[in-house]
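Engineer: Quick one: structure below, then a few questions.
What follows is calculated from the coordinates using simple rules that are stated; it is not laboratory data. Computed from a prediction, not measured in an experiment: that's the story for all the values here. Counting neighbours? That spans all protein chains shown, and the Cβs are built from the backbone with ideal geometry, glycine included.
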Amino acid sequence: MTILVTGSSGHLGEALVRTLRKQKHEVLGLDILPSDTTDRVGSIASREFVKECMQGIHMVLHTATLHKPHVATHTKQDFIDTNITGTLNLLEEAIQAKVRSFVFTSTTSTFGDSLTPPEGQPAIWITEDVPCIPKNIYGATKVAAEDLCQLFYRNHQLPCLILRTSRFFPEEDDKRTVRDVYTSDNCKANEFLHRRVDVEDVVSAHLLAMEKAPQIGFGRYIISATTPFTREDLRALRTDAPGVLKRLFPEYEAEYQSRGWKMFAQIGRVYVNQLAREELGWQPRYDFRTVLERLKQGQHVLSDLARSIGKKGYHQEVFEEGPYPTT
């Protein structure tokens, strides 16, 4: 059984290839950039290249994409070529190759404007039922690619599962207002409460989705760390997130104070991974409680896998205003 991993030079792609090879799977890594985890260098926007790579493939893990950090540096057509046409090429050739399962890495950015609650309203409980209202070309093309996956399941019975991942990149936050107040590790630790997932857990979700796709057929799943919050916490999270944390994790304050860290004053949305845990059998290892335990033991917030992959950046050039330009 041979597994095609697109985007194999990226954070998730590298993590998937390394894990699959460690498990003795046959893997073909595909990316536009060369790396130790990439076997074929080329663009998924090229149908001929995709056709060549799909020969003998049994399962596809499609992580290749233009990301949010590329919105300010790439054209809308670039996003369409990679995120939509590239996905279409893979789906078309997957049908020809009689691929058994197709897993598409999407993003919680597809929810777009649905992620921001109106002034004075509680935080939003984000499940798969929340409507997608993309606010940039990145979100719009990922939603379109998701719809293509659903179409190919409907019309060709290609088992397709979509994983909407929350933040797992190790780079600093793109907002200067956040970087000026919180260190990178402090920010990431806070995000495990509501909008972050460790790449090790993202990998395990993909491997489960690959196995379960033939049985499930089609599905969309939020892949984010298990939140400790409930719906009853949503109103308080908008006005006093530290107060909610003190009630749930009385010990967190001392750990934070010893590092000069602070909790976000308010939290506006909470990603819910219940469906992935129930239908995929996913059991993420890293959440805020895990983070606290790692801090107590003098360990890093992120997993060893995440740290070994490290920061890759999204551009070759360096920007004065932050890790990447924003629009």
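Engineer: Taking the Cα centre of the range 2-309 as the origin and placing charges on Cβ (Lys, Arg +1; Asp, Glu -1), which of 284, 120, 37 is farthest toward the positive end of the dipole?
Structural biologist: Value computed over the given set: 120.
Engineer: In addition: Taking the chain as a whole, which cysteines find no other cysteine Cβ under 4.7 angstrom from their Cβ?
Structural biologist: 53, 132, 187
Engineer: I've got another one for you. How large is the charge dipole for the range 144-220, taken about the Cα centre, if only the Cβ atoms of Lys, Arg (+1) and Asp, Glu (-1) carry charge, to the nearest 20 debye?
Structural biologist: Its charge dipole is roughly 320 debye.
Engineer: Given Cβ point charges of +1 (Lys, Arg) and -1 (Asp, Glu) and nothing else, what value in debye, to the nearest 20, does the dipole of the range 31-98 about its Cα centre take?
Structural biologist: Once rounded to the nearest 20, the dipole reads 200 debye.
Engineer: Compute and list, largest first, the equivalent-ellipsoid semi-axes of the range 144-224 from the alpha carbon gyration tensor, each √(5λ) rounded to a whole angstrom.
Structural biologist: Output for the range 144-224: semi-axes of 33, 14, 8 Å.
Engineer: Tally the DSSP beta bridges in the chain and give the antiparallel ones as a percent, rounded to 5.
Structural biologist: Rounded to the nearest five, the antiparallel share is 0 percent.
Engineer: Which angle between 0 and 90 degrees, to the nearest 10, do you get for helix 86-96 versus the longest principal axis of the chain when only C-alpha atoms count?
Structural biologist: Once rounded, the angle reads 50 degrees.
Engineer: Also, I was wondering about something else. What residue among 1, 109, 138 has its Cα farthest toward the positive end of the dipole of the chain, where the charges are +1 on Lys, Arg and -1 on Asp, Glu, each on the Cβ?
Structural biologist: 1
Engineer: Okay, moving on. Using the Karplus equation 6.51 cos²θ - 1.76 cosθ + 1.60 (θ = phi - 60°), what ³J(HN,Hα) coupling, rounded to whole Hz, does each residue of the range 42-50 give in order, writing x for Gly and Pro?
Structural biologist: x, 9, 5, 6, 8, 4, 5, 5, 4
Engineer: Ok, one more. Using the Karplus curve 6.51 cos²θ - 1.76 cosθ + 1.60 with θ = phi - 60°, what ³J(HN,Hα) values do you get for each residue of the range 294-303, in whole Hz, with x for Gly and Pro?
Structural biologist: 5, 5, 4, 8, x, 9, 7, 4, 8, 5
Engineer: Right, another one. Rounding to the nearest 20 debye, state how big the charge dipole of the range 2-309 is about its Cα centre with +1 on each Lys and Arg Cβ and -1 on each Asp and Glu Cβ.
Structural biologist: It works out to roughly 300 debye.
Engineer: Can you compute the helix-only [θ] at 222 nm over the chain? Use -39500 (n - 2.57) per DSSP H run of at least 4 residues, normalise by all residues, nearest 500 deg cm²/dmol.
Structural biologist: Mean residue ellipticity, 222 nm, calculated: -11000 deg cm²/dmol.
Engineer: Another question, then. From the backbone phi of the range 186-193, what are the Karplus-calculated ³J(HN,Hα) couplings (6.51 cos²θ - 1.76 cosθ + 1.60, θ = phi - 60°) in whole Hz, Gly and Pro given as x?
Structural biologist: 4, 4, 5, 4, 4, 5, 5, 6
Engineer: Between the range 37-91 and the range 191-220, what's the alpha-carbon centroid distance in Å?
Structural biologist: The range 37-91 and the range 191-220 have Cα centres spaced 20 Å from each other.
Engineer: Along the charge dipole of the chain, Cβ charges K/R +1 and D/E -1, which of 266, 13, 295 sits furthest on the positive end?
Structural biologist: 295
Engineer: Nearest 10 degrees, 0 to 90: what angle lies between the long axis of helix 137-156 and the longest principal axis of the chain (Cα atoms)?
Structural biologist: 50
Engineer: Separate question: Are there trypsin sites (Lys or Arg not before Pro) in the range 41-82 that DSSP marks as loop and that have at most 11 other Cβ atoms within 10 Å, and which are they?
Structural biologist: none
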